[in-house]
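Worksheet for the structure shown next.
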């Protein structure tokens, strides 16, 4: 296996593992803000209990997310030196902005969030929770901006030639608001929020099925269900907008996502299928002219196909792009169906009588994570053979001084370290879930420790 493929596999592995945790942190941040806001507004301790419980799980996901994200920055220098030199001015600006505007906000309030309970007022603690949540959202903005620039470069000029060529910013805001950044930011945001929200739904559905913490779980489940329903419907709209942007700015990627080969012809939309890249055929269930209709509301509108591009400029693994894209879409529709079905039973007053539905929500926690991963893979593999679209090929971007054996060694090492981290994460997460939302000695029918302390002081 050559160095380029190994370097790509290593980066894909490390970023895929890392990408489990930031979406959870962002989604849990929203739920923490909601629970704590209700507590501050109503004074009902049950919502403080929920906020405290999910803050503990947030801290776990945040910590592992930070630890696993550091590795990728080193990979830029070791495995992708030419790429790093080429995009250094662009990425340097975006990552510096993340540190100034996002990480500083997030880390500045994190201590109050984690250790400020009973030490600051409830309103101050809520402000800290909101600060951490917005910090995580802003962090995602700058990461996605940097990646979006690779997809649709803007606000730059090229300095130097050959191996010494590099992109320099000429217009910072044009770089930030490049043609794909807004669509991709909103799509990534909603995907992340869904990941955290479905973790809340999963855990409280588990409690309801087991008959534990029933009353508090009913409240949490209903709130999370409202949020998840809104987010899943919103994700459908952002996905459509993103697809329209891809059609305009990266037509080869869109053609690969639907296995559309003809240079300019109405394009079908496949529900599922399999691409034979040699025969340039797709076998599966389709809506004739469906892609054309989605893009232009006309079944006969021509769509640019893969054969409109030179062979060397087409994605190398069309079937993989096709499958990842359709898995993401299928999961998105499944989340809409599941949340709307639950809302229907809630409206009929029978939501918590449907044990099979609650069990479905327990396992549905995996769906947003799979959709986030497959969507990311479709976007990145569909961009190939370019690492910076239309400017720098992936084959020219990796480090010439790194050997295949060196990458193999580090890949194996990362695999074992990440496997250990994942086992540790699951163990601690399960321990916190089994413990439940109440501190030792507290139950749904007993006063909270804080209430007892206040009573003693007053007495």
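Among the residues of region 109-118, write down those that are more than 14 Å from residue 58 (Cα to Cα) and in contact (Cβ under 8 Å) with a residue 24 or more places away in the chain. Correct list: 117, 118. The condition of being free of Cβ contacts under 8 Å to residues at least 40 places away in the same chain and assigned to a helix (DSSP H, G or I) holds for only one of 216, 230, that being 230.
Here the condition is being under 15 Å from residue 5 (Cα atoms) and in a helix (DSSP H, G or I); of 406, 373, it holds for 406 alone.
Note on region 299-313: among residues that are in a strand (DSSP E or B) and touching a helix residue (DSSP H, G or I) at 6+ places or on another chain (Cβ under 7 Å), the one that is surrounded by the most Cβ atoms within 10 Å (Cβ to Cβ) is 303.
Residues that are out of contact with any strand residue (DSSP E or B) (no Cβ under 6 Å at 6 or more places or on another chain) and not in a helix (DSSP H, G or I) were ranked within region 170-198; the one that is farthest from residue 249 (Cα to Cα) is 171.
In this structure, is residue 75 more than 27 Å from residue 29 (Cα to Cα) and either in contact with a helix residue (DSSP H, G or I) (Cβ under 7 Å, 6 or more places away or on another chain) or at pLDDT below 80 (or both)? Criteria met by residue 75.
In contact (Cβ under 8 Å) with a residue 60 or more places away in the chain, under 16 Å from residue 98 (Cβ atoms) and assigned to a helix (DSSP H, G or I) - does that describe any residue in region 119-130? Before you say what the answer is, go through the steps one by one.
Pass one, region 119-130, residues in contact (Cβ under 8 Å) with a residue 60 or more places away in the chain: 122-123, 125-126, 129-130.
From what is left, the residues that are under 16 Å from residue 98 (Cβ atoms) are none.
So far as region 119-130 goes, no, none of its residues is in contact (Cβ under 8 Å) with a residue 60 or more places away in the chain, under 16 Å from residue 98 (Cβ atoms) and assigned to a helix (DSSP H, G or I).
Okay, residues lined up against (1) modelled with pLDDT under 85; (2) assigned to a helix (DSSP H, G or I); (3) touching a strand residue (DSSP E or B) at 6+ places or on another chain (Cβ under 8 Å); (4) surrounded by 15 or more Cβ atoms within 10 Å (Cβ to Cβ):
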position	(1), (2), (3), (4)
359	no, yes, no, no
377	no, yes, no, yes
400	yes, no, no, no
424	no, yes, no, no
427	no, yes, no, no
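All conditions but one from (1) surrounded by 16 or more Cβ atoms within 10 Å (Cβ to Cβ); (2) farther than 26 Å from residue 420 by Cα; (3) out of contact with any strand residue (DSSP E or B) (no Cβ under 6 Å at 6 or more places or on another chain) apply to residue 61; the one that does not is (2). Going by what's in this entry, would residue 242 be described as under 30 Å from residue 292 (Cα atoms) and either at pLDDT 90 or above or touching a helix residue (DSSP H, G or I) at 6+ places or on another chain (Cβ under 6 Å) (or both)? So residue 242 passes the test. For region 87-100, the criterion of a residue being in a helix (DSSP H, G or I), under 23 Å from the mean Cα position of the chain (by Cα) and within 30 Å of residue 225 (Cβ to Cβ) is satisfied by no position.
Restricting attention to region 283-298, the residues being touching a helix residue (DSSP H, G or I) at 6+ places or on another chain (Cβ under 8 Å) and modelled with pLDDT under 90 number 3. Condition test on residue 9, is it under 27 Å from residue 324 (Cβ atoms), in a helix (DSSP H, G or I) and either without any contact (Cβ under 8 Å) to a residue 24 or more places away in the chain or within 15 Å of the chain's Cα centre (by Cα) (or both)? No, not satisfied. Of everything in region 242-276 that is crowded, with 18+ Cβ neighbours inside 10 Å and part of a loop (DSSP other than H, G, I, E, B), the residue that is nearest to the chain's Cα centre (by Cα) is 250.
Residue 122 meets the conditions (1) within 27 Å of residue 193 (Cβ to Cβ); (2) surrounded by 18 or more Cβ atoms within 10 Å (Cβ to Cβ) in every case but one. The failed one is (2). Of 225, 236, all but one fail to be surrounded by fewer than 19 Cβ atoms within 10 Å (Cβ to Cβ) and on the phi < 0 side of the Ramachandran plot; the exception is 236. From the list 165, 146, the lone residue that is in contact with a helix residue (DSSP H, G or I) (Cβ under 8 Å, 6 or more places away or on another chain) and either within 27 Å of residue 57 (Cβ to Cβ) or surrounded by 19 or more Cβ atoms within 10 Å (Cβ to Cβ) (or both) is 146. Cβ-Cβ distances below 6 Å connect the following pairs, each with a first residue in region 433-444 that is on the phi < 0 side of the Ramachandran plot and crowded, with 17+ Cβ neighbours inside 10 Å, a second residue that is at pLDDT below 60 and assigned to a loop (DSSP other than H, G, I, E, B), and a separation of six or more residues or different chains: 442/448.
Candidates 349, 316: the one that is out of contact with any strand residue (DSSP E or B) (no Cβ under 9 Å at 6 or more places or on another chain), closer than 16 Å to residue 260 by Cα and outside any helix (DSSP H, G or I) is 316. Looking only at region 380-395, decide whether some residue is out of contact with any strand residue (DSSP E or B) (no Cβ under 7 Å at 6 or more places or on another chain), in a helix (DSSP H, G or I) and farther than 23 Å from residue 71 by Cβ. The answer is yes; a qualifying residue exists.
Rundown of residues vs (1) in contact with a strand residue (DSSP E or B) (Cβ under 6 Å, 6 or more places away or on another chain); (2) at pLDDT below 85, yes/no style:
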| site | (1), (2) |
| --- | --- |
| 55 | no, no |
| 89 | yes, no |
| 104 | no, yes |
| 110 | no, no |
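The values are calculated or read from the model by the stated rules, or taken from the named source; none is laboratory data. In this text, all values refer to a predicted model and were calculated from it rather than measured experimentally. Reconstructed Cβ throughout: ideal geometry from the backbone, glycine too, with neighbour counts over all protein chains shown.
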